[in-house]
Amino acid sequence: MKECLTDRDLQLVEEARKAISRSYDPVGFDHTVGAAVLCTDGEIYTGINLYSVHGACGEFIALGAAMTHGQRSFETIVAVEGAEGERVLPPCGNCRQMLCHYAPGCRVILSGEEGLFKVPVEELLPYAYEVQP
């Protein structure tokens with residue numbers, strides 16, 4: 001179910017753009033994606049991708065930063081690409097799985113023909129692998 005963005009969502013997109021604009025790597029392209037996650041208490045954490053053999057997506061880094069600070073409840077996440085975060089990116093398959101596990105119920109901001117919108121992460125991966133205790 002597509003949802004319209006709130007002012008807080010637009011602020012989240014801007015924070016992701018700031019994260020990548022501070023760290024964009026135009027030479028080696030090691031850092032090309034910025035991400036921001038909004039926690040249910042209103043705190044925002046950001047991250048950038050780390051390119052390597054296996055690498056880490058910006059969403060992983062942002063969520064890890066939030067969890068390092070004790071956060072466990074997440075409202076919305078977004079990833080952007082480009083030197084100024086010009087393009088909103090959908091999460092890759094690995095990020096979708098990670099978000100379903102660590103941030104169930106979280107909304108993901110996406111870009112479509114009509115502009116930006118958000119959907120529950122479960123809609124992006126309806127048959128997610130469930131980790132059994």
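Taking Asp41, Asp30, Asp7 and ordering them by how much accessible surface each has at a 1.4 Å probe, largest first, produces Asp7, Asp41, Asp30.
Near Cys106, the amide H atoms lying under 5 Å from its own belong to Val121; only residues 5 or more places off or on other chains count, and H is placed 1.01 Å from N. Per-residue packing, averaged as other Cβ atoms within 10 Å, sorts the ranges 100-109, 58-67 into the order 58-67, 100-109, beginning with the highest. Rounded to the nearest 500, the 222 nm mean residue ellipticity of the chain from helices alone is -9500 deg cm²/dmol, with -39,500 (n - 2.57) taken per DSSP H run of at least 4 residues. Each part reduced to its alpha carbon centroid, the range 1-49 and the range 78-133 end up 12 Å apart. Label the chain by shape, choosing from rounded, prolate and oblate, from the square roots a ≥ b ≥ c of the eigenvalues of the Cα gyration tensor; if a/c is under 1.5 it is rounded, and otherwise prolate applies when a/b is larger than b/c, oblate when it is not. Verdict is rounded for the chain. At the residue level, Glu15 shows approximately 50 square angstrom of accessible surface with a 1.4 angstrom probe and all protein chains present.
Our summary of shape: the Cα atoms of the range 1-76 have principal axis extents of 35, 25, 25 Å, ordered from largest down, in whole angstrom.
So what is the relative contact order for the chain, in percent, with contacts set as C-alpha pairs under 8 Å and at least six apart?
Details: 282 pairs, mean separation 31.1, N = 133.
With pairs under 8 Å counted, the relative contact order is 23 percent.
Report for the chain the percent antiparallel among DSSP-assigned beta bridges with both residues inside it, nearest 5. So the antiparallel bridges amount to about 90 percent of the total. For Lys2 and Asp30, what does the FRET efficiency come to when R0 = 30 Å and r is the distance between their Cβ atoms, rounded to the nearest 0.05? Between Lys2 and Asp30 the formula returns 0.35. Only protein heavy atoms count here; under a 1.4 Å probe, Leu5 has an accessible surface of about 40 Å².
The values are calculated or read from the model by the stated rules, or taken from the named source; none is laboratory data. Keep in mind that this is a model prediction, so the values were computed, not measured. All Cβ positions, even for glycine, are placed from backbone atoms using ideal geometry, and neighbour counts span all protein chains on display. All accessible areas refer to the heavy atoms of the entire protein, side chains included, with ligands and DNA or RNA removed. Shrake-Rupley method; radii C 1.70, N 1.55, O 1.52, S 1.80 Å.
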